[in-house]
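**Q** Structure below; questions to follow.
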Amino acid sequence: MAIDRLSDLRQAQRLVIKVGSALLVDRGEPRAKWLATLAADIAEMRQTGEVIVVSSGAIALGATKLGFAKGGRGSLADAQAAASVGQVELARLWSDALGTHNITAAQMLVTLGDLEDRRRYLNASATLARLLEAGAVPVVNENDSVATEEIRFGDNDRLAARVAQAAGADAVMLLSDVDGLYDRDPRETGAALVGTVDGITPEIMAMASSASSSGLGSGGMLAKLQAAKIAERAGIALAIINGTHLSPITRALDDETGTLFLPQADASRRKAWLGGRLAPSGVLSVDAGCMAALANGASLLAAGVTAVEGEFGRGDLVAIHGPLGERLGQGLVEYTSVECTAIIGLREAQQADRLGYTPRAAVVHRDHMVHV
């Protein structure tokens, strides 16, 4: 089905709904009345399709239980401990709220690595599919009790988009503390809500404002736009709506108030996964000629590489940057970082002498590359 307006989300066969900490928790306590109305919204959406919830809130809830200052974010150790305690409370909240509507909630904790590694990604996909088939609502959260600052999503907006990819969802709904994306800081006079976005451009990215971040969670408008880029590559619609009201989904869809990012070209599932990965192991910089060739669908050859950063092995994810440091794309590299450094700028005929073996067809093959 085509999703061209917010109200079309009612017909989504599989929908991911992301709920942030600031909406679910107020001063360390759950917003029980608000959650009850959201659960009713979810029950209504399940009349026409399946629903997955991506929910923050474990750290905030656990910090209250443990008496930690700064909402449990005073240190990494505090956050991990608070998350361990808070996940129990978070699971109970969702189980009780959805149970009122005879819906079974299933807790699913994931790490960045679970969705970055192809095999673990497919395992997560299979688990989500089986839970939905069994009639449950998976409640997904990043496993903050083991995540570190270096190896984590950092926000549940992008996690929601990645979960939507893994689940083969039609749409993602991000509940925010503003009505959607504004063309400038929403606190400015004359700021206008952008109702529909047909492809994220640099101009759209420039509209992101820190004003939409409450400080309790880790997201903001920039994270939501990054999530939308992940979703649109996979042919998934994404909506930002105001979640601060009671019955937030019903209100937004009835009033057509929010921002809908239309799905773009539906990439293969492998390329969608590759484009959504968030943690490159290194960077390959290229010259202007190579940048033009890549734009025309060519593979990345050693002759066009000008610099190598980071340490990586064959098959690792690397980012590809242009002459001015602009991000061009990312892909799976065919050489180690040491080998890449050895053949910088060399044509195929020169590479064998440097490597000691017949070179591969490309440094990054076009079939294992996505553009941004």
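**Q** Tell me, in nm to one decimal, what length is gained between GLU203 and GLU348 on full extension, where the rule is 0.36 nm per residue of separation less the Cα-Cα distance?
**A** 48.3 nm
**Q** Here is a follow-up. Can you tell me which of 111-119, 291-299, 55-63 comes out highest on packing, and rank the rest after it, using the mean Cβ neighbours within 10 Å?
**A** 55-63, 111-119, 291-299
**Q** How far, in nm, would the chain grow between VAL146 and LEU324 when pulled straight, counting 0.36 nm per residue and subtracting the alpha carbon separation?
**A** 60.4 nm
**Q** Under 1.5 on a/c is rounded, so check that first for the range 90-159, then, if it is not, pick prolate when a/b is larger than b/c and oblate when it is not; a ≥ b ≥ c are the square roots of the alpha carbon gyration tensor eigenvalues.
**A** oblate
**Q** When the distances between all Cα atoms of the range 235-372 are binned every 5 Å from zero, what whole-number percent does each bin get?
**A** Per 5 Å bin, starting at zero, the Cα-Cα P(r) for the range 235-372 comes out as 2, 10, 18, 18, 14, 9, 8, 6, 6, 5, 3, 2, 1, 0 percent.
**Q** At R0 = 51 Å, how high is the FRET efficiency between ARG10 and VAL338 if r is their beta carbon distance? Nearest 0.05 is fine.
**A** According to the calculation, E is roughly 0.40.
**Q** Beyond 32 Å, what share of the Cα-Cα pairs of the chain is found? Please give it as a whole percent.
**A** 36
**Q** Here's something else I'd like to know. Among MET221, MET205, MET45, which comes first, then next, by fewest other beta-carbon atoms within 10 Å?
**A** Listed from fewest to most nearby Cβ atoms, that is MET205, MET45, MET221.
**Q** Another question, if that's okay. Compute the acute angle (0 to 90°) between the alpha-carbon long axis of helix 221-233 and the principal axis of greatest extent of the alpha-carbon atoms of the chain; round to the nearest 10°.
**A** 70
**Q** For the chain, take the longest principal axis of its alpha carbons; what is the angle in degrees between that and the long axis of helix 156-167, to the nearest 10 within 0 to 90?
**A** Approximately 80 degrees, to the nearest ten.
**Q** Which residue, chosen from GLY325, ALA292, ALA352, occupies the Cα position most advanced towards the positive end of the dipole of the range 280-371, where the dipole is computed from +1 (Lys, Arg) and -1 (Asp, Glu) charges on Cβ about the Cα centre?
**A** ALA292
**Q** Rounded to the nearest 0.05, what FRET efficiency do THR189 and ARG120 have when you use their Cβ-Cβ distance and R0 = 35 Å?
**A** Efficiency computed from Cβ-Cβ geometry: 0.15.
**Q** Take each of the peptides 7-17, 95-105, average the number of other beta-carbon atoms within 10 Å over its residues, and list them starting from the highest.
**A** Highest-to-lowest ranking by the protection proxy: 7-17, 95-105.
**Q** Test of understanding: what is the full-extension gain from ALA32 to ALA2, defined as 0.36 nm times their sequence separation minus their Cα-Cα distance?
**A** Value of the extension gain: 7.3 nm.
**Q** Determine, for each peptide in 164-171, 337-344, 363-370, the mean count of other beta carbons within 10 angstrom over its residues, then list the peptides with the highest first.
**A** Highest to lowest by the protection proxy: 164-171, 363-370, 337-344.
**Q** Further question on the same structure: Could I get the Rg over Rh figure for the range 1-152? Both from C-alpha atoms, Rh via Kirkwood, rounded to two places.
**A** Looking at the range 1-152, the ratio lands at 0.99.
**Q** Please identify which residues in the range 81-102 have an amide N closer than 19 Å to a label point set 7 Å out from the Cα of LYS65, following the Cα→Cβ vector.
**A** Counting backbone N atoms under 19 Å from the label point, the list is 81-99.
**Q** Now, a different point. Can you put TYR335, TYR357 in order, fewest other beta carbons within 10 Å first?
**A** TYR357, TYR335
**Q** Find the relative contact order for the range 280-371 and round it to a whole percent, using C-alpha pairs within less than 8 Å whose residues are 6+ positions apart.
**A** Averaging sequence separation for qualifying contacts and normalising by length gives 33 percent for the range 280-371.
**Q** A further question on this structure: For helix 32-45, what angle does its Cα long axis make with the longest principal axis of the chain, in degrees from 0 to 90 and rounded to 10?
**A** 70
**Q** Sum -39500 (n - 2.57) across every DSSP H segment of at least 4 residues in the chain, then divide by the residue count to get the 222 nm mean residue ellipticity, nearest 500.
**A** -11000 deg cm²/dmol
Throughout, read-outs are computed from the coordinates displayed, never taken from laboratory work. All of these numbers come straight from a predicted model, not from anything done at the bench. We place every Cβ from the backbone using ideal geometry, glycine too, and count neighbours over all the protein chains shown.
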